[in-house]
Amino acid sequence: MAVRATVSRFPATPEALESCAVQWGVAVTPFAAADERGQPPTTGAGGDRVPRCEHCWAYLSSHCDLERWGWTCALCGTLNGFDDETERRFQRPGACPELNSSFVDLEIPVDEAEGGGDGVQALPVYVAAVDLACSEEFLELIKSALLAALEALIPGSLFGLMTFSHKIGLYDVQGPIPLVKNVFIPPDLEEDGLPVALEDAMPLHSFLAPVDACKDQIAAALETLRPTSSWERGAASGQEEDTVLLGGRGFGTAMSALIEYLSSEYGSTFALARVFAFLSGAPDYGSGLLDTRRYGEQYASKGVDADLALLPEQIPFYRDLAAVAVQSGVCIDIFAVTDEYTDLASLKFLSIESGGSLFLYANTDDSTLPQDIYRLLSRPYAFGCVLRLRTSSDFEPGNSYGHFFPDPQYENVQHIICCDSFATYAYDFEFAHNNGFSRHTDPAVVQIAFQYSVIEPVKETSGNGSQSPASYKFCLKRRLRIRTLQYRPASNISEIYDSVDPEVVLHILVHKVILESLDKGVREGRHQVHAWLSLLAARYNQALSSDVRTPLSSIDIDFSQCPQLQTIPQLVFALLRSPLLRLHEEGVHPDYRIYLQCLFSALEPSSLAKAIYPVLVSYSSPDKQAFPRHTLSRAALIMSESPIFLLDTFTNLIVYYSSTADPSIPFPPPRDCLLRTTINRLKQDRCITPKLTFIHGGNDDSTLFESYLIEEQDVDGSSGFTTGSGFVAFRESVRNVAGEIIQEEIGS
């Protein structure tokens, strides 16, 4: 569990918080294998026996004061007594991890009646739902992706193959020849469901096949997949052949039926079923169809803000379906491969609210889909998670951010359906009363409890000790991870500024601006970001200036006396230049914006900072790094005089050879050089597969690389922050607004 705070020295009072203008909160990656310093948790059993405070229900930790007969809660100060069992346990401190570590991961006994423990099977279940209202190229990509997925699945997993178009296809691959049963989707939305239930068309035990025994048959079934033709879809919908140009993608009906199909075995065969839905366009048939006509020029003619109009969902169908999926133990990942408007604003809820992820690929040619799904299935994941953040009594959590949903009964309790080691969530803080921290010498305490389930394989051996192929078994394990941290209140604003973590500040700022954009539009989100940076600059100058009448030209917007703040203007500038906040008329596709919102709101702070402001490294040769980081400007390239640059944008890795590079330097770089080793390490270090591109400036089109050199680009399109262009003009606009804030407060 990695926890990073925006400031390591907390503001001591509400006045100090307002005066510093820094975001105050934490970013939490609960299922990370280690903490932010790389230290793993202390593990053990007895997660159900950790003593809890009778007042605030916090867990005992190594930060608590122990006495002969009890302990004092580190969060609220309540003195708690030991019961007899705890007293006996604590006579052997080595057997009680919570006494020796502030970061523990403890197993909780699971009652077999609840579907857990070593004696009950909890098989991993995976289903691929493939769109057949598609092109041949799309289908070839999906076949490659699913073959890669089969290699990543652990033996003993169950796998089902379903197709959808104007009909649903269920595949039985457990015999020598794959069989398919089709159920037609009624075109009339008023009809109540399918004419035949999927369970009646094919029993679920025939649909879900063991991967290890049926891998070849699954591959053979994939080879039989063909796109449905327009005349097939037209005949099904009762339309004339020559009038059917598009249509027949009954995604909503198919997903609804699949969830109901799987739900019958939830809690017996499986604890979580993961569905991979592959889409080539918007659902346009049956239940949940989406009207793609809302994307077009009509907003310009009607004077409607397209950035605001295209971000909300059209219909609540997919959000409601996600709630049904959660109750049925089904998690859905959506892989959309299309450059057409698909309305991900509506579809995203089916993935993120059921615990899944949303992926978008603009084309099939250079798609990283096979690598992405292999990574997704290769890394461990937790499910059925409950995340609870508690604080000491002087402050409390304010807003929470991320792909989880709040508990309907308890405050500050979030439920996470499915969570991997990259998934990150955020909280901001506020004071519980006007006095701030009542005793500035006492540390502020944050405790995060994360309870989760995992499925672990249990290999059984026969009597003679040999391993039989069909002896794989899985059991459900429940664990409790507890992390308790202390933060000292700052004695002045300079201490707050010196303790800032700019990546975490950006992390919380991005969460806030995404919500603002969804609520009030992209323009309002841009205004919020610019206004915050201007306020931060004003507060910084007020705090460090001895003369309140500082002239405008002397306002320091580079935070020259505080190294921790110096990268923030560049990060904010890059955020305003990113497709997340660029305007619709600048050519940002609404589906791509939605994809970035979903991606960015799940990234940990360092990855997010890289996605917002990419890292540019120079090399004097493929085996020698020249400089570890450059600003994103053409001037930086010219000044460096290095022949090779590596640009890491998180989603892309670009190797750029300058046009003046010595022809004797090998291009592309050799596979055994330092540059290649660095690239391979970077590719392994993230949740998605970055696309690798090699560009030689003297021979190739450099547009992709140059598009990331943002510091000479206009920040605002037509939003009116600056009258010039580039980062220099942006700084001046911030200086002007900061000066107005200072003058206004002097006047009042």
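The values are calculated or read from the model by the stated rules, or taken from the named source; none is laboratory data. Since this is a predicted model, take the numbers as computed values, not measurements. We place every Cβ from the backbone using ideal geometry, glycine too, and count neighbours over all the protein chains shown. Please note that ligands, DNA and RNA were not included when accessible areas were found on the heavy atoms of the full protein model with its side chains. Shrake-Rupley method; radii C 1.70, N 1.55, O 1.52, S 1.80 Å.
Quick one: Karplus J couplings for the range 502-519, per residue in order, coefficients 6.51, -1.76, 1.60, θ = phi - 60°, nearest Hz, x for Gly and Pro?
Once θ is set to phi - 60°, the couplings for the range 502-519 become x, 5, 6, 4, 4, 4, 6, 4, 5, 4, 5, 6, 5, 5, 5, 5, 5, 8 Hz.
How many times 2.2 N^0.38 Å is the alpha carbon radius of gyration of the range 344-433? Mind showing how you got there, number by number?
Values: Rg = 16.8 Å, N = 90, 2.2 N^0.38 = 12.2 Å.
Ratio of Rg to 2.2 N^0.38 Å for the range 344-433: 1.38.
Give the accessible area for Glu503 in Å² (nearest 10); use a 1.4 Å probe, count only protein heavy atoms, and leave out ligands, DNA and RNA.
The accessible area of Glu503 comes to roughly 50 Å².
May I ask you to list the aspartates and glutamates whose Cα is less than 14 Å away from that of Lys691, ignoring any residue fewer than eight positions away on the same chain?
Once the sequence-local aspartates and glutamates are set aside, what remains near Lys691 is Asp365, Asp366, Asp372, Asp648.
Counting only heavy atoms of protein chains, what accessible area per residue, in Å², does the range 319-449 have with a probe of 1.4 Å?
Details: 4830 Å² over 131 residues.
Here the per-residue accessible area is 37 Å².
Compute the distribution of all C-alpha to C-alpha distances in the range 384-429, in bins of 5 Å from 0, and list the percent of pairs in each, rounded to whole numbers.
Calculated over all Cα pairs of the range 384-429, the distribution is 5, 19, 32, 24, 14, 5, 1 percent.
Can you give the calculated 222 nm mean residue ellipticity of the chain, where each DSSP H run of n ≥ 4 adds -39,500 (n - 2.57) and the sum is split over every residue, rounded to the nearest 500 deg cm²/dmol?
Details: 24 runs with 237 residues, N = 748.
Computed mean residue ellipticity for the chain: -9500 deg cm²/dmol.
With a 1.4 Å probe and every protein chain left in place, tell me how much accessible area Arg629 has, in Å² to the nearest 10.
Its heavy atoms expose roughly 110 Å² to the probe.
Can you find, among Ala277, Phe667, Ser400, the residue farthest towards the positive end of the dipole of the chain? Put +1 on the C-beta of Lys and Arg, -1 on that of Asp and Glu.
Phe667
Just check the range 1-132 against the gyration tensor rule for me: Cα atoms, a ≥ b ≥ c as the square roots of the eigenvalues, rounded for a/c under 1.5, and otherwise prolate or oblate depending on whether a/b exceeds b/c. Walk me through the numbers before you get to the answer.
Details: a/c = 2.32, a/b = 1.10, b/c = 2.11.
Oblate shape, in that a/c is at least 1.5 and b/c is the bigger or equal ratio.
Using each residue's phi in the range 618-625, evaluate 6.51 cos²θ - 1.76 cosθ + 1.60 at θ = phi - 60° and report the 3J(HN,Hα) Karplus result to the nearest Hz, with x for Gly and Pro.
Coupling constants for the range 618-625: 10, 10, 7, 7, x, 10, 9, 6 Hz.
Ordering Lys215, Lys181 by how much accessible area each has at a 1.4 Å probe, largest first, what is the list? Provide the component values of the computation, followed by the final result.
Values: Lys215 65, Lys181 100 Å².
Result of the area sort, largest leading: Lys181, Lys215.
Using modelled amide H (1.01 Å from N, peptide plane; none on Pro or chain starts), what sits under 5 Å from the amide H of Asp284, excluding residues fewer than 5 places away?
The list, which skips near neighbours in sequence, is Gly248, Arg249, Phe251, Leu290.
Can you pull the accessible area of Tyr401 for me, 1.4 Å probe, Å² to the nearest 10?
In the full protein context, Tyr401 sits at about 10 Å².
Only Lys, Arg, Asp and Glu count, each charged at its Cβ (+1, +1, -1, -1), so figure out the dipole size of the chain about its Cα centre, rounded to 20 debye.
Details: 56 positive and 96 negative charges, 374 e Å.
For this selection, approximately 1800 debye.
Using the Karplus equation 6.51 cos²θ - 1.76 cosθ + 1.60 (θ = phi - 60°), what ³J(HN,Hα) coupling, rounded to whole Hz, does each residue of the range 420-434 give in order, writing x for Gly and Pro?
9, 6, 9, 4, 10, 10, 9, 9, 10, 10, 9, 6, 7, 7, 6
Pop out the carbon and sulfur fraction of the accessible area of the range 615-707 as a percent, whole number, probe 1.4 Å. Let's see the in-between values first.
Values: 2370 of 4600 Å².
After summing per-atom areas, the C and S share lands at 52 percent.
For Cα pairs less than 8 Å apart in space and 6+ apart in sequence, what is the mean separation divided by the residue count of the chain, i.e. the relative contact order in percent? Write down the numbers at each step before the final one.
On the way: 1505 pairs, mean separation 108.3, N = 748.
RCO, the chain: 14 percent.
For the range 248-386, what is the convex hull volume of its Cα atoms per residue in Å³? Please report the intermediate quantities before stating the final value.
On the way: hull volume 17.9 nm³, N = 139.
Enclosed volume per residue, from the Cα hull, is 129 Å³.
Return the Cα extents of the range 615-707 along principal axes one, two and three, sorted largest first, each rounded to a whole Å.
35, 28, 24
Would you please give the residues with an amide H less than 5 Å from that of Gln713, counting only those at least 5 places away or on a separate chain, with H modeled from the backbone geometry?
Residues meeting the amide H criterion: Gly726, Phe727.
Can you work out the accessible area per residue across the range 615-707, with the rest of the protein chains kept in place, probe 1.4 Å, in square angstrom?
49
Thinking of the chain as a set of Cα atoms, what percent of all their pairs are more than 33 Å apart? Intermediate results must be reported in sequence, preceding the final value.
Values: 160557 of 279378 pairs.
Result for the distance tail: 57 percent.
Order of 317-329, 32-44, 362-374 by packing, highest average Cβ count within 10 Å first? Write out the running numbers ahead of the final one.
Working: 317-329: 19.7, 32-44: 14.4, 362-374: 17.3.
Going from most to least packed, we get 317-329, 362-374, 32-44.
For the full complex of protein chains and a 1.4 angstrom probe, list Phe164, Phe727 by accessible area with the highest value first. Before the final figure, lay out each step's value.
Working: Phe164 0, Phe727 30 Å².
From most accessible down to least: Phe727, Phe164.
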